[in-house]
1. Just checking, which of P234, P266, P171, P257 is within 28 Å of C319 (Cβ to Cβ) and surrounded by fewer than 17 Cβ atoms within 10 Å (Cβ to Cβ)?
2. Filter segment 174-204 down to residues that are in contact with a Pro (Cβ under 9 Å, 6 or more places away or on another chain) and more than 24 Å from Y142 (Cα to Cα) and give me whichever is surrounded by the most Cβ atoms within 10 Å (Cβ to Cβ).
3. Quick check on segment 230-244. Is at least one of its residues over 17 Å from the mean Cα position of the chain (by Cα), modelled with pLDDT of 95 or more and of a type outside the set (D, E, K, R)?
4. Among the residues in segment 270-293, are any at pLDDT 90 or above, among the small types (G, A, S), over 21 Å from the mean Cα position of the chain (by Cα) and over 29 Å from L212 (Cβ atoms)?
5. With the structure loaded, tell me whether T65 is modelled with pLDDT under 95, of a type in the set (S, T, Y) and under 30 Å from F269 (Cα atoms) or whether it fails that test.
6. When you look at V153, is it under 24 Å from C319 (Cβ atoms), out of contact with any helix residue (DSSP H, G or I) (no Cβ under 8 Å at 6 or more places or on another chain), among the aliphatic types (A, V, I, L, M) and surrounded by 15 or more Cβ atoms within 10 Å (Cβ to Cβ), yes or no?
7. Somewhere in segment 239-253, is a residue assigned to a strand (DSSP E or B), buried (at least 16 other Cβ atoms within 10 Å of the Cβ) and touching a strand residue (DSSP E or B) at 6+ places or on another chain (Cβ under 6 Å)?
8. Looking at this structure, is Y272 of a type in the set (S, T, Y) and closer than 22 Å to K178 by Cα?
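The values are calculated or read from the model by the stated rules, or taken from the named source; none is laboratory data. Computed from a prediction, not measured in an experiment: that's the story for all the values here. Glycine gets a Cβ as well: all are built from the backbone with ideal geometry, and neighbour counts include every protein chain shown.
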Amino acid sequence: MTDRSRTYISSVMATKTSGSSPDKRRKYDEAFFKFLSLGLLGLVLTQCVPGDPPVEPGGGTNPGTSTCYLTSATEQLERNGAFTDFIDRRFGYSNGLLVSESEQSIVQGFGPVKRKTNYQLQYQNGLLTQAVDSLNLIVFEYAPGASSPSQAVYSRLGRQRAVYTLTYAAPGRLSGIKETNQVLPLNSLATERDFTFTYDGNGNVINERLRLKFSTGNTGELQTDYTFTNQPSPYQNVPNRVALTVLALAGEVETFPGEFWHRNTPSGFAVYNVNAAGVRTPNETATLTGQYDATNKLTVLDQNSSTLRRIRTTFGYQCQ
C-alpha cells in the first residue's frame, strides 16, 4: 500500500492531477509531479530491527505467546461517499518463509482498470532467489557472502523492464532503493526513482526522500515526514520485507517503499515538494487512526487527508 505507504492506490485510484494523466504504477510524469496532491495510503508496515525484541501484534514481547502473520491487507478509496476502488494483497507462508504474494486491484475511475498478479517466491539455501508470476519474473542477486540482496532484476514476458539497486544502513535495515527503468511504465516519463530513508531511534522511517529523473532530462524531488503511534505494525512479522518492497515497486498499483520499514504504525504524515534549492513546499497532510482487537492487532486503519480523501485499510492474520 506504505508509488506507500504508502500503498499508493491514490494516483491510480483518485483523480489528483491538474491536467495530467494518472500513473497506474504510481509513477510520476512531470505534470503529475508538479501539480498532483499525493495521497499516501496504509502506512502501516514494519518489522523489528535486528537486535530488538520482537513486539508482536497479538502477544507483546512474551516468548510464550503466539506469532501472528499478516495474511491480507485490503485498501479501499472512498469515492462519492462509498468505498469502491481497492487493492487487495494476500500473503502465504511456509516454514517461517514468505512463499507467495498475490495482488488484485480494481480502479473504477479509469475504465475500470483491473489488475492481478500471483507471485511464488523461491529460495535456495535460505536466500530468496526469484519471484515468479505467469507474466513476470524478478531475480534477486547477492554480493559474495551477503544475506540480503544487492540487486533485483524485473522482467515481463522475457523482456527486462527495470533494475532495483538496494543499499542497507545495517543488516536487515534498508536505507535506499533505486529503480532504473529500461522500459517506461504506462503513463510515466520516469526513467529513475531513487528512494532514501532516514530512521529514528525506534527504527521508524521518519523521512522518505524520492528523487526522480525523467526521459526529458528534468528532475524532481518529494519528501514525506511521518509521526508514529506506540502500536506495532501488522507487517512486522512478515519474514522478507525486501521482497515486499521490490514487488510493490514493480507493480502497477504500488506503494512508497518506506512503509515496509517502520517499526510502529504511523499516526500521520506530511508530504512536501522540494525544489532545486532544497526549499520544501507543503503538498498534503493526513492523520491515520487505527482500530485494534483484544490482542493488540491492527484490524482497521483510516486515513483522512487535507485533500478530502478517505482511505480505509483492513488486515487479516493467522496466528501460530
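1. Numbers: P234 fails: surrounded by fewer than 17 Cβ atoms within 10 Å (Cβ to Cβ); P266 fails: surrounded by fewer than 17 Cβ atoms within 10 Å (Cβ to Cβ); P257 fails: surrounded by fewer than 17 Cβ atoms within 10 Å (Cβ to Cβ).
None of the other options fit; the residue is P171.
2. The initial filter retains those residues of segment 174-204 that are in contact with a Pro (Cβ under 9 Å, 6 or more places away or on another chain), namely 174, 177, 187, 195, 197, 204.
With more than 24 Å from Y142 (Cα to Cα) added as a condition, the list becomes 187, 204.
On the way: N187: 19, N204: 22.
Checking each candidate, the answer is N204.
3. No - not one qualifying residue is present in segment 230-244.
4. Step one: of segment 270-293, the residues at pLDDT 90 or above are 270-293.
In the following step, the residues that additionally are among the small types (G, A, S) were identified as 270, 276-278, 286, 290.
Then drop every residue that is not over 21 Å from the mean Cα position of the chain (by Cα), which leaves 276-278.
From what is left, the residues that are over 29 Å from L212 (Cβ atoms) are none.
Within segment 270-293 (the criterion being at pLDDT 90 or above, among the small types (G, A, S), over 21 Å from the mean Cα position of the chain (by Cα) and over 29 Å from L212 (Cβ atoms)), the answer is no, since none of the residues qualifies.
5. Here the answer is no, as T65 does not meet what is asked.
6. Numbers: under 24 Å from C319 (Cβ atoms): no; out of contact with any helix residue (DSSP H, G or I) (no Cβ under 8 Å at 6 or more places or on another chain): yes; among the aliphatic types (A, V, I, L, M): yes; surrounded by 15 or more Cβ atoms within 10 Å (Cβ to Cβ): yes.
Judged against the criteria, V153 is not a match.
7. The answer is no, given that none of the residues of segment 239-253 is assigned to a strand (DSSP E or B), buried (at least 16 other Cβ atoms within 10 Å of the Cβ) and touching a strand residue (DSSP E or B) at 6+ places or on another chain (Cβ under 6 Å).
8. Yes; evaluated as a whole, the condition is true for this residue.
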